[in-house]
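Worksheet: the structure to be examined is printed underneath.
The values are calculated or read from the model by the stated rules, or taken from the named source; none is laboratory data. Remember, predicted model here, so these are calculated numbers, not experimental data. All Cβ positions, even for glycine, are placed from backbone atoms using ideal geometry, and neighbour counts span all protein chains on display. We work out accessible area using only protein heavy atoms, side chains counted, and drop any ligands, DNA or RNA first. Shrake-Rupley method; radii C 1.70, N 1.55, O 1.52, S 1.80 Å.
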Amino acid sequence: MREPAFWHRQSSLLSRLLMPVGALYGAIAARRLTRTGLRAGVPVICVGNYHVGGAGKTPTVMALAGILRSLGETPVVLSRGYGGRLQGPVRVDPHRHAAADVGDEPLMLARTIPVIVSRQRRAGVAPARALAASVILMDDGFQNPALAKDISLIVIDGDRGLGNGQVFPAGPLRAPLPPQLARTDVLVIVGFGAAADKVAARVKARGGPVLRARVVPDDASVAALCGRRVLAFAGIGDPSRFFRSLRACGVDVVAERVFADHHPFSQRDLAELQAAGEQHGLTLVTTEKDLARLRNSASLAAFAQTVVPFAVGLAFDDEPVLRSFLTDRLNRARR
């Protein structure tokens, strides 16, 4: 979906009109948060966010997987597989599956880490453990009560924050903020903006760690775009962050095209992008997540070869604090 603009305005008539619906939705969501989930038999780390839309969960999952491996753990990602048709449980195979099968984010993650897609998260536990998982790393699912979480790590964008702070559909929150805060173990703020400062203060007041992280572009991706004029396109939760990242690296972004999150690209979309690029002599560039949807589609794969991916990672400003926290909480979970 594409986020409505009024979600990010503090005063909106439409938001006020939708507040009764948001109150009902929020009451149901808050009640679900109180349910007791299944114990997986191995520690479960959930990477989630308070709101719908993008905040940087997938790069955080990738960064956490690397840290966990360096701590001697064997993480396996468990995902709902949003946007995919398969109910699962199924292990994602980048050589066999397409984004239409398992979702774009699991497909991208599966290039570097084992991923199980299961619409019913409980059903994904056994396949994850069969892969010798010492830790199950949930990509999203913070508000889902199916599995008990040993660590809930929440990601929030430092520039966007929580928008108008209202519950869906009046705003972007998936549930009222207080019960979500009560279940937050770690808050990760991506970027250097101050929009998340008030939330950070509330997490700190409860004794939870608050970490800053930054998106780090891949050197090879930057080098591939050096000296080129580009048309950047993206169908992710926050395309503007992608465009900002490109410009911050000195990439000459001449044109932008925005699509809805998880947008299923059509032949018409690609023809228009290609025509615009050729007309103005622009190189097409997109995110790894978007490219995953293109690469694994037989009808779109040829077009994907003409697009330059802009790969990014996530770096924590105080990684030793996170490593110490993870070690302590994982040891406690195993007692």
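For this structure, a couple of remarks:
- Among all residues of the stretch 126-147, there is none that is open to solvent by 50 Å² or more (accessible area, probe 1.4 Å), touching a residue at least 60 places away in the same chain (Cβ under 8 Å) and either part of a strand (DSSP E or B) or not basic (Lys, Arg) (or both).
- Residue count, the stretch 171-228 (criterion: part of a loop (DSSP other than H, G, I, E, B), closer than 30 Å to Gly277 by Cα and touching a Ser or Thr at 6+ places or on another chain (Cβ under 9 Å)): 1
- Scanning the stretch 51-66 for any residue that is crowded, with 21+ Cβ neighbours inside 10 Å and either polar (S, T, N, Q) or in contact with a Cys (Cβ under 6 Å, 6 or more places away or on another chain) (or both) turns up at least one such residue.
- Selection count, the stretch 238-257, where residues are open to solvent by 40 Å² or more (accessible area, probe 1.4 Å) and outside any loop (DSSP other than H, G, I, E, B): 9
Rundown of residues vs (1) free of Cβ contacts under 8 Å to residues at least 60 places away in the same chain; (2) open to solvent by 60 Å² or more (accessible area, probe 1.4 Å); (3) under 29 Å from Gly41 (Cα atoms), yes/no style:
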{"residue": "Leu284", "(1), (2), (3)": "yes, no, no"}
{"residue": "Arg293", "(1), (2), (3)": "no, no, no"}
{"residue": "Val307", "(1), (2), (3)": "yes, no, no"}
{"residue": "Phe310", "(1), (2), (3)": "no, no, no"}
{"residue": "Glu319", "(1), (2), (3)": "no, yes, yes"}
{"residue": "Phe325", "(1), (2), (3)": "no, no, yes"}
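- For Ile156, the test of being of a type in the set (A, V, I, L, M), part of a strand (DSSP E or B) and under 30 Å from Ala301 (Cβ atoms) is failed.
- Here is the figure for the stretch 35-89: residues that are among the basic types (Lys, Arg) and either within 17 Å of Pro127 (Cα to Cα) or in contact (Cβ under 8 Å) with a residue 60 or more places away in the chain (or both) total 4.
- Filtered residues of the stretch 178-202 (kept if open to solvent by less than 10 Å² (accessible area, probe 1.4 Å), under 30 Å from Thr286 (Cα atoms) and not small (Gly, Ala, Ser)): Leu187, Val188, Ile189, Val190
- Filter result for Leu78 (within 17 Å of the chain's Cα centre (by Cα), part of a helix (DSSP H, G or I) and either farther than 19 Å from Asp185 by Cα or of a type in the set (A, V, I, L, M) (or both)): no
- Selection from the stretch 96-125 of residues that are more than 16 Å from the chain's Cα centre (by Cα), closer than 30 Å to Gly26 by Cβ and part of a loop (DSSP other than H, G, I, E, B): Ser118, Arg119, Gln120
- Members of the stretch 203-237 that are loosely packed, with under 15 Cβ neighbours inside 10 Å and out of contact with any strand residue (DSSP E or B) (no Cβ under 7 Å at 6 or more places or on another chain): Ala205, Arg206, Gly207, Asp219, Ala220, Ala223, Cys226, Gly227
- Residue-level check: of (1) open to solvent by less than 50 Å² (accessible area, probe 1.4 Å); (2) at pLDDT below 90; (3) outside any loop (DSSP other than H, G, I, E, B), Ala260 misses just (3).
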